[in-house]
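Enquirer: What follows is a single structure, and I will ask about it in a moment.
The values are calculated or read from the model by the stated rules, or taken from the named source; none is laboratory data. None of these values were measured; they are calculated from a predicted model. FYI the Cβ positions are ideal-geometry reconstructions off the backbone, even for glycines, and counts take in every protein chain you see.
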Amino acid sequence: MTYRIIPIILLDGIKAVVTHQFTSPTYVGDPRTLAKIYSDQGADEIFVLQINPSFNISDNLNFLASISKFTQCCVAYGGNLSTIRDVSSIISAGFEKVIFRRLFFNNPSLVRQVSLIYGSQAVTICLDIVHLLDEVRFGVFDQYSEKYLTLDQIYELQYCDYFSELLLNSTLADGSFNVDSWASSFIHEFSKPIIYAGGISSPKQINHLFSRGYDAVGLGAEFAFSAHNTSAVMPSLTHIYNKI
Amino acid sequence: MFLCQHQQLYSFKYFLIYAKSVNLLLDLGAGNTDRIVFTLSKLNHRITSISSPVKSHSDDILIIPGVGSFECLMRSIHALDLHSFLHDWHAANKKMVCICAGFQILFEGSEESALPGLSILPGHFTSLKTLHCRKTLNVGFNSLYQANGNSFYPFLSEFLLPHRFYFTHSFANTSFPSATNADLYYSSTYGIHFLSSYVSSNIFGFQFHPELSHSCGLRLLNRILS
């Protein structure tokens, strides 16, 4: 079993940002520099997620290519992908995987088409984990759409051949330095790798998530900027690998 | 061309450089071609993308990149009239570096595709789901073990065996055909033993992605292309 630690770079346009529950983006640096640092520190993969809905992929291909260009690991991109041309441009720009969120619900045929061209290993689906009163829901929750799946429906997703990995992204935990306490038995039984992201800030939390059945973890703001050191990107990935 | 003596010297020098082997990158419409170009340019290797049969030198090296479905790559090969070109390339014993899906299409077929592969090598790829692996995607860094055979390139084992390389694939070949003296098979484990690399006198086939495997992957590519 190979566990993966995946730094996540959140983009607001062409700036790398950190957020709290995906709001209040704070500029933290140049995403190209961050990607290179993560790659040099031995990241298993890097996820680049665009949070600005007005970002135009075709107008910024050179910028996106420059993020992957200086890395020597697998880089995945998610955000504002709406056509097969967008996906082709992203793969051509040096990314190996694409991450779909809203499009998985709105245009599943496009997700299928991407899988048929690039292989299902190139497709990751991202679902938000949202807490509504005492209920945990999975799906897409933002100002544009609100669609969710029941636990049974999520369990059924493992039989879908059009994607290979599931990224569960906790909105509640984002930027909080605490992981989502939610747990479910389906994680152990799910036949596709599951990645958890949101609020991870220590090797202990990472080990805990792996013991709960997650195959990989996504580290965002807390990875680059600890609560005690917000001054610069710290060489923490090597430290984290040594502790896992 | 009317060149002065000084220019002729320069031309001759450049002719010598250009007369060296050329790395040809097969662009089949899918595949992370730009990543390969970036990577090889970092290593100071010249590379030319091709998507149709071309005349080539006997020392040229053909690179078939990964990231693509088996069927999509085979469709492109037929549509671009590359089937005979690839067989002729192999028959002429010219070097090929084949990565992930680019490696899989060298074989007879895959559960992923209704179209057969190039059948340069014997064997089929089966989905990890059919093979009852715990997860249907093998992704992450993994080690290699020498399965059988003797390498035409003794240096390879010292590059491959001590290091971990990045895999991301949903289909695997679990058959290990009997090796000839010049063939070398490497395996990796993911609940099953699967073929992770095949090396013969002219084929360097990798199920993993050397271009995504940090410095050890770059060293491996550099050594093969040098």
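Enquirer: So for segment B:209-216 (the condition being buried (at least 22 other Cβ atoms within 10 Å of the Cβ), outside any strand (DSSP E or B) and more than 15 Å from the chain's Cα centre (by Cα)), does at least one residue qualify?
Expert: Taking segment B:209-216 and keeping what is buried (at least 22 other Cβ atoms within 10 Å of the Cβ), we get B:209-214.
Cutting the leftovers down to outside any strand (DSSP E or B) gives us B:210-214.
Pick out the ones that are also more than 15 Å from the chain's Cα centre (by Cα) and you get B:214.
Yes, there is a match, as at least one residue in segment B:209-216 is buried (at least 22 other Cβ atoms within 10 Å of the Cβ), outside any strand (DSSP E or B) and more than 15 Å from the chain's Cα centre (by Cα).
Enquirer: State which residue is nearest to A:Q41 (Cα to Cα) when the search covers only segment A:70-93 and only residues that are outside any loop (DSSP other than H, G, I, E, B) and of a type in the set (V, I, T).
Expert: A:V75
Enquirer: A:D152 passes all but one of (1) away from chain B (no Cβ under 14 Å); (2) outside any strand (DSSP E or B); (3) more than 18 Å from A:G78 (Cβ to Cβ); (4) in contact (Cβ under 8 Å) with a residue 12 or more places away in the chain; which number fails?
Expert: Unmet for A:D152, out of (1) away from chain B (no Cβ under 14 Å); (2) outside any strand (DSSP E or B); (3) more than 18 Å from A:G78 (Cβ to Cβ); (4) in contact (Cβ under 8 Å) with a residue 12 or more places away in the chain: (4).
Enquirer: Let me ask something additional. Among the residues of segment B:130-144, write down those that are facing another protein chain (nearest Cβ under 7 Å) and under 22 Å from B:E71 (Cβ atoms). Steps first, answer last, please.
Expert: If we filter segment B:130-144 for residues that are facing another protein chain (nearest Cβ under 7 Å), which is where we start, we get B:135-137, B:139-142.
The answer is B:T136, B:L137, B:V139.
Enquirer: Might you check whether a residue that is of a type in the set (A, V, I, L, M), modelled with pLDDT of 75 or more and under 19 Å from the mean Cα position of the chain (by Cα) occurs anywhere in segment A:224-240? Spell out the reasoning first.
Expert: Going through segment A:224-240, the residues of a type in the set (A, V, I, L, M) turn out to be A:224, A:227, A:232-234, A:237, A:240.
Filter once more, keeping what is modelled with pLDDT of 75 or more: none.
So far as segment A:224-240 goes, no, none of its residues is of a type in the set (A, V, I, L, M), modelled with pLDDT of 75 or more and under 19 Å from the mean Cα position of the chain (by Cα).
Enquirer: Going by the structure shown, is B:F152 of a type outside the set (D, E), closer than 22 Å to B:V199 by Cα and touching a residue at least 40 places away in the same chain (Cβ under 8 Å)? Break it down into steps so the answer makes sense when it comes.
Expert: Working: of a type outside the set (D, E): yes; closer than 22 Å to B:V199 by Cα: yes; touching a residue at least 40 places away in the same chain (Cβ under 8 Å): yes.
Yes: the conditions hold for B:F152.
Enquirer: Quick one: how many residues across segment A:94-113 are under 19 Å from the mean Cα position of the chain (by Cα), surrounded by fewer than 22 Cβ atoms within 10 Å (Cβ to Cβ) and either closer than 20 Å to A:E45 by Cβ or of a type in the set (A, V, I, L, M, F, W, C) (or both)?
Expert: Counting residues in segment A:94-113 that are under 19 Å from the mean Cα position of the chain (by Cα), surrounded by fewer than 22 Cβ atoms within 10 Å (Cβ to Cβ) and either closer than 20 Å to A:E45 by Cβ or of a type in the set (A, V, I, L, M, F, W, C) (or both) gives 1.
Enquirer: While we're on this one: Among the residues of segment B:55-66, is there at least one that is in contact with an Asp or Glu (Cβ under 8 Å, 6 or more places away or on another chain), part of a strand (DSSP E or B) and more than 27 Å from A:D161 (Cβ to Cβ)?
Expert: No; the residues of segment B:55-66 include none that is in contact with an Asp or Glu (Cβ under 8 Å, 6 or more places away or on another chain), part of a strand (DSSP E or B) and more than 27 Å from A:D161 (Cβ to Cβ).
Enquirer: Among the listed residues B:I64, B:I47, which satisfies the condition of being over 24 Å from B:N173 (Cα atoms), of a type outside the set (S, T, N, Q) and touching a helix residue (DSSP H, G or I) at 6+ places or on another chain (Cβ under 8 Å)? Show your work before the answer.
Expert: On the way: B:I64 fails: over 24 Å from B:N173 (Cα atoms).
The conditions single out B:I47.
Enquirer: Please determine whether any residue of segment A:54-69 is part of a strand (DSSP E or B) and closer than 22 Å to A:L219 by Cα. Lay out the reasoning, then the answer.
Expert: Of all residues in segment A:54-69, those part of a strand (DSSP E or B) come to none.
No, segment A:54-69 has no match at all.
Enquirer: Moving to a separate point now. Working only within segment A:69-82, note down all residues that are of a type in the set (V, I, T) and at pLDDT 95 or above. It would help to see each step written out before you state the result.
Expert: Within segment A:69-82, the first condition is being of a type in the set (V, I, T), and the residues that meet it are A:71, A:75.
If the condition is that a residue be of a type in the set (V, I, T) and at pLDDT 95 or above, then A:V75 is the only one that fits.
Enquirer: Now for a separate question. When only residues in segment A:147-184 that are in contact with a strand residue (DSSP E or B) (Cβ under 7 Å, 6 or more places away or on another chain) and of a type in the set (D, E) count, which is surrounded by the most Cβ atoms within 10 Å (Cβ to Cβ)?
Expert: Out of the qualifying residues, it is A:E165.
Enquirer: So A:L116 fits all but one of (1) within 14 Å of chain B (Cβ to nearest Cβ); (2) within 19 Å of the chain's Cα centre (by Cα); what number is the exception?
Expert: Only one criterion is unmet by A:L116, namely (2).
Enquirer: Look at segment B:105-140 and say how many of its residues are of a type in the set (D, E, K, R), buried (at least 18 other Cβ atoms within 10 Å of the Cβ) and either on the phi > 0 side of the Ramachandran plot or in contact with a Gly (Cβ under 9 Å, 6 or more places away or on another chain) (or both).
Expert: Restricting attention to segment B:105-140, the residues satisfying the condition of being of a type in the set (D, E, K, R) are B:108, B:111-112, B:129, B:134-135.
So of that shortlist, the ones also buried (at least 18 other Cβ atoms within 10 Å of the Cβ) come out as B:112, B:129, B:135.
Narrowing further to those that are either on the phi > 0 side of the Ramachandran plot or in contact with a Gly (Cβ under 9 Å, 6 or more places away or on another chain) (or both): B:112, B:135.
Going through segment B:105-140 one residue at a time, the tally reaches 2.
Enquirer: Among (1) more than 14 Å from every other protein chain (Cβ to nearest Cβ); (2) under 26 Å from A:S39 (Cβ atoms); (3) surrounded by fewer than 17 Cβ atoms within 10 Å (Cβ to Cβ); (4) in contact with a helix residue (DSSP H, G or I) (Cβ under 8 Å, 6 or more places away or on another chain), there is one condition A:D86 misses while meeting the rest; what is its number?
Expert: (3)
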